[in-house]
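S.K.: Sending over a structure as structure tokens; questions will come in a sec.
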Amino acid sequence: MIAPRTLTLKRIAARMAEPFRISGYVFEAMPSVVVTLSDGQHAGRGEAAGVYYLGDDQDRMAATVEGLRTAIADGLTRAELQQALPPCGARNALDCALWELDAKLAGATIWSMAGVPRPRPLVTTFTLPAADPVVLAEKVKRLSFARAIKLKLDGDVDMDRERVAVVRSARPDAWLAVDANQGFSPADLESLTRILRDFSVALVEQPVRRGEESVLRDWRPGIAVAADESIVDLEELHERACYFDVINIKLDKCGGLTEALEMARAAEAMGKRIMVGNMGGSTLAMAPAFVLGQLCEVVDLDGPFALADDPFANAIYRDGMIFVPESFWG
């Protein structure tokens, strides 16, 4: 018989160290929720920041979690959770908390339960905002340790060219990706192509708006094109993967590690390259994504690095890599 479980919900301010600009938004914080589930002896934790462009914010996540309080007390399982909630931040927090609790109850590691290799340090991208090129010139100096850099663009073709030029000039050695966050119009894709080729960019993420993916069918920039906003969950993966080379899986989008693992294996079966990203959050939010990252070619887990007050961030990044020990989560 399963012991009654208690649920604790905590709201986290998650302030950014500096305002962070992407196409269409400036973030000063990425508020998250932390869920803790306990059976009286063992506890499992999960953190979620939601999906800002879908209105999945802290208030909505908190209300959704609270709505399942009785079911959780009665022993809601991970499989039942997938049916109880659609993909969303609340499901992510609960799913990850259940993964950790289940692992403790089983006396096993999460990575072994998930069927992934023993975790090793992973090269992660470190992200620069869509800032003025003069500002970027200073910010990129702070990333001298980074092996991989991701630069946000906003669809202003001339300004974006200057941004990429500044970063590439400062770091000719780094693997470089750009992320448009839906910022480009179909008419500007050829101009974007020239930027990508002129500055040896390795990957371009989400160049056009969600819903406009079909314009990418015949676009050939000569480098990998990644889906972020266009593909939220497993269902959308099957609908839209044909337009992309790389699938950026985020636990907040797909609703947790359970569906993220399914997506990774489905994408691989389709011949797609796999990327793990994040919507923000502290080291606790990165921990399950780091498990998924063991299956991924591209890793973008720098969320805590941008926060003002994550006490563990300095411990998980070293030499341009991320490593979250299982002693921290799972």
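The values are calculated or read from the model by the stated rules, or taken from the named source; none is laboratory data. Only a predicted model underlies this, so the values are computations on that prediction, with no experimental measurement involved. Using ideal geometry, Cβ is built from the backbone for each residue, glycine included, and neighbour counts are taken over all protein chains shown. What goes into the accessible areas is simple: the full protein's heavy atoms, side chains included, and nothing from ligands, DNA or RNA. Shrake-Rupley method; radii C 1.70, N 1.55, O 1.52, S 1.80 Å.
S.K.: Using Cα atoms only, what is the angle between the long axis of helix 157-170 and the major principal axis of the chain, expressed in degrees (0 to 90) to the nearest 10?
M.R.: 80
S.K.: Between Lys104 and Thr70, with labels modelled 7 Å along Cα→Cβ, what's the label distance in nm to one decimal, could you check?
M.R.: Label-label distance for Lys104 and Thr70, simple model: 2.6 nm.
S.K.: At 1.002 mPa s and 20 °C, plugging the Kirkwood radius over alpha-carbon pairs of region 156-276 into Stokes-Einstein gives what diffusion coefficient in µm²/s?
M.R.: It comes out at roughly 144 µm²/s.
S.K.: Something else: Is there a quick way to get the dipole size of the chain? I mean about its Cα centre, with the Cβ of Lys and Arg at +1 and of Asp and Glu at -1; what is the value in debye to the nearest 20?
M.R.: Charge dipole of the chain: 740 debye, to the nearest 20.
S.K.: Along the Cα→Cβ direction, 7 angstrom out, place labels at Ala187 and Glu162. What is the inter-label distance in nm?
M.R.: 2.2
S.K.: Relative to the present Cα-Cα distance, how much length would full extension add between Arg21 and Ala137 at 0.36 nm per residue of separation?
M.R.: 40.2 nm
S.K.: Rounding to the nearest 10 and keeping the result within 0 to 90°, find how far the Cα-based axis of helix 257-269 lies from the longest principal axis of the chain.
M.R.: It works out to around 50 degrees.
S.K.: Can you compute the helix-only [θ] at 222 nm over the chain? Use -39500 (n - 2.57) per DSSP H run of at least 4 residues, normalise by all residues, nearest 500 deg cm²/dmol.
M.R.: Roughly -9500 deg cm²/dmol at 222 nm, from the helical runs in the chain.
S.K.: Convert each backbone phi in region 6-18 into a coupling constant with the Karplus relation 6.51 cos²θ - 1.76 cosθ + 1.60 (shift: θ = phi - 60°), then list the ³J(HN,Hα) values in order as whole Hz, x for Gly and Pro.
M.R.: 9, 10, 10, 10, 10, 8, 10, 5, 6, 6, 6, 5, 9
S.K.: So, how do all the Cα-to-Cα distances of region 106-172 break down into 10 Å bins, in percent, from 0 on up?
M.R.: Distribution as computed: 19, 38, 16, 16, 11, 1 percent.
S.K.: Would you kindly state how much longer the chain becomes between Ser169 and Arg147 on full extension, computed as 0.36 nm times their sequence separation minus their alpha carbon distance, in nm to one decimal?
M.R.: Stretched out fully, the Ser169 to Arg147 stretch lengthens by 6.4 nm.
S.K.: Let me ask you something else. List the aspartates and glutamates whose alpha-carbon lies under 14 Å from that of Lys141, not counting same-chain residues fewer than 8 positions away?
M.R.: Qualifying aspartates and glutamates at Cα under 14 Å: Asp173.
S.K.: A further question follows. Trypsin sites (Lys or Arg not before Pro) within region 83-176: which are DSSP loop residues with at most 16 other Cβ atoms inside 10 Å?
M.R.: Of the trypsin sites (Lys or Arg not before Pro), the ones in loops of region 83-176 whose Cβ has at most 16 other Cβ atoms within 10 Å are Arg147.
S.K.: For Ala308 and Arg197 in the same chain, what is the full-extension length gain: residue separation times 0.36 nm, less their Cα-Cα distance, in nm?
M.R.: In short, 36.4 nm is gained.
S.K.: Only bridges whose two residues both fall in the chain count here: according to DSSP, what percent of them are antiparallel, nearest 5?
M.R.: 50
S.K.: Enter the mean projected area of the convex hull around the alpha-carbon atoms of region 214-307, in nm², rounded to one decimal.
M.R.: 6.0
S.K.: Assuming 1.306 mPa s and 10 °C, estimate D for region 1-124 with Stokes-Einstein, Rh taken as the Kirkwood radius over Cα pairs, in µm²/s.
M.R.: In µm²/s, the coefficient is 101.
S.K.: Taking N as the number of residues in region 188-236, what value does Rg over Cα atoms divided by 2.2 N^0.38 Å take?
M.R.: Dividing the Cα radius of gyration by 2.2 N^0.38 Å gives 1.18.
S.K.: Among residues other than Ala266 whose Cβ falls under 14 Å from its Cβ, what is the net charge (Lys/Arg +1, Asp/Glu -1)?
M.R.: So the environment of Ala266 carries a net charge of -3.
S.K.: Okay, moving on. In region 10-32, whose amide N lies under 14 Å from the spot 7 Å out along Cα-to-Cβ of Glu212? List them in ranges.
M.R.: 23-24
S.K.: Here's another thing I want to ask about it. Could you give the dipole magnitude of region 133-201 about its Cα centre, charging the beta-carbon of Lys and Arg +1 and that of Asp and Glu -1, in debye to the nearest 20?
M.R.: 460
S.K.: Using only the alpha carbon atoms of the chain, find the Kirkwood hydrodynamic radius as the inverse mean reciprocal pair distance, in angstroms to one decimal.
M.R.: For the chain, the Kirkwood estimate is 20.0 Å.
S.K.: Which ³J(HN,Hα) values, rounded to whole Hz and listed in residue order, are derived for region 219-235 from phi using the Karplus coefficients 6.51, -1.76 and 1.60 in 6.51 cos²θ - 1.76 cosθ + 1.60 with θ = phi - 60°, glycine and proline given as x?
M.R.: 7, 10, x, x, 9, 5, 10, 10, 9, 10, 4, 5, 10, 8, 9, 5, 4
S.K.: Can you give the accessible area per residue of region 14-83, in Å², using a 1.4 Å probe?
M.R.: Heavy-atom SASA per residue in region 14-83 reads 48 Å².
S.K.: Taking the dipole about the Cα centre of region 77-152, with the C-beta of Lys and Arg at +1 and of Asp and Glu at -1, give me whichever of Val140, Ala130, Ile110 is farthest to the positive side.
M.R.: Going by the Cα projections, it comes out as Val140.
S.K.: Sticking with this one: Take the alpha carbon atoms of region 1-59, find their center, do the same for region 260-330, and report the distance between the two centers in whole angstrom.
M.R.: About 16 Å separates the Cα centre of region 1-59 from the one of region 260-330.
S.K.: Still on this structure: For region 224-330, which whole percent of the accessible surface, found with a 1.4 angstrom probe, sits on carbon and sulfur atoms?
M.R.: Here carbon and sulfur together make up 49 percent of the probe-accessible area.
S.K.: Determine ³J(HN,Hα), in whole Hz, for all residues of region 104-117 in sequence, where each value follows from phi through the Karplus function 6.51 cos²θ - 1.76 cosθ + 1.60 and θ = phi - 60°; x replaces Gly and Pro.
M.R.: With the stated coefficients, region 104-117 comes to 5, 5, 8, x, 10, 8, 5, 5, 6, 5, 7, x, 10, x Hz.
S.K.: Follow-up. Tell me which lysines have Cα within less than 19 Å of Lys250's Cα, excluding those fewer than 8 residues away on the same chain?
M.R.: Lys150, Lys152, Lys272
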